[in-house]
1. What nm distance separates the two modelled labels at LYS140 and GLU125, each placed 7 Å from Cα along Cα→Cβ?
2. Helix-only mean residue ellipticity at 222 nm, the chain, DSSP H runs n ≥ 4 weighted -39,500 (n - 2.57), per residue, nearest 500. What is it?
3. Projected onto the charge dipole of the stretch 71-155 (+1 at Lys/Arg Cβ, -1 at Asp/Glu Cβ, origin at the Cα centre), which of THR150, TYR134, TRP94 gives the Cα projection farthest towards the positive end?
4. Which value does Rg/Rh take for the stretch 37-88 over its C-alpha atoms, Rh per Kirkwood?
5. With no solvent and one point on each alpha carbon, what is the Debye value of log10 I(q)/I(0) for the chain at q = 0.09, 0.15, 0.18, 0.20 Å⁻¹?
6. Pull out the extension gain between THR29 and GLU84, defined as 0.36 nm times the separation in residues minus the alpha carbon to alpha carbon distance; nm, one decimal.
7. Between VAL76 and GLU114, how many nm apart are label points set 7 Å from Cα along the C-beta direction?
8. Show the residues, 5+ positions off or on another chain, whose built amide H is closer than 5 Å to the amide H of LEU79.
Amino acid sequence: MKWKLPPKIKIHEALGAIADGRIEMDGNTAKVYSSSRNKYYTVTFDPDTYSIMANDNGSYWQGYLGYPAIAYLMLVGKLPYTKEQAEAFSGIKWKDINTKFKNDFGKTLAYIQELQKKKGITTEEVEAEIDKIYGDLKEKLPQMLGGKVTPPKEY
């Protein structure tokens, strides 16, 4: 069974996890720490079947490929990204911002883009690159690896 396509903002979150060095790779598995660093998600990948499993909330509750799995796929070269793209999302406290805007991803993204503009980041260029990554993900959406795994509880 294939994962559902995630909200586009999950690409942004994945880039932030990469930029902040919140991913510990170990072969076909990884620990992806939350932006608060108070918990981590486990990612397991089978390159032979192009199947992946992660225990983040979006993957478990909504059935879409969450940012931990997307970040993993980027780091292993299955999805394109650049260091510059990732750096545009460094230092963002995703959980706090999503909570502030009650998981309204449109409002979260608008807030983050304002932060980026203050740093001199051209959000139009960033979003054009995000669109390319999202298109690639849409074409290469992986299968689920086994059954869903319950997310961690801590924050």
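The values are calculated or read from the model by the stated rules, or taken from the named source; none is laboratory data. Only a predicted model underlies this, so the values are computations on that prediction, with no experimental measurement involved. Neighbour counts are summed over all protein chains in view; Cβ atoms, including those assigned to glycine, are modelled from backbone coordinates with ideal geometry. Heavy atoms of the whole protein, side chains included, go into the accessibility calculation; ligands, DNA and RNA do not. Shrake-Rupley method; radii C 1.70, N 1.55, O 1.52, S 1.80 Å.
1. My value for the distance between the label points is 2.4 nm.
2. Values: 6 runs with 63 residues, N = 155.
Rounded to the nearest 500, the figure is -12000 deg cm²/dmol.
3. THR150
4. On the way: Rg = 11.8 Å, Rh = 11.9 Å.
Rg/Rh for the stretch 37-88 comes to 0.99.
5. Ignoring solvent entirely, the Cα scatterers give -0.25, -0.73, -1.08, -1.36.
6. 17.3 nm
7. 3.9
8. MET74
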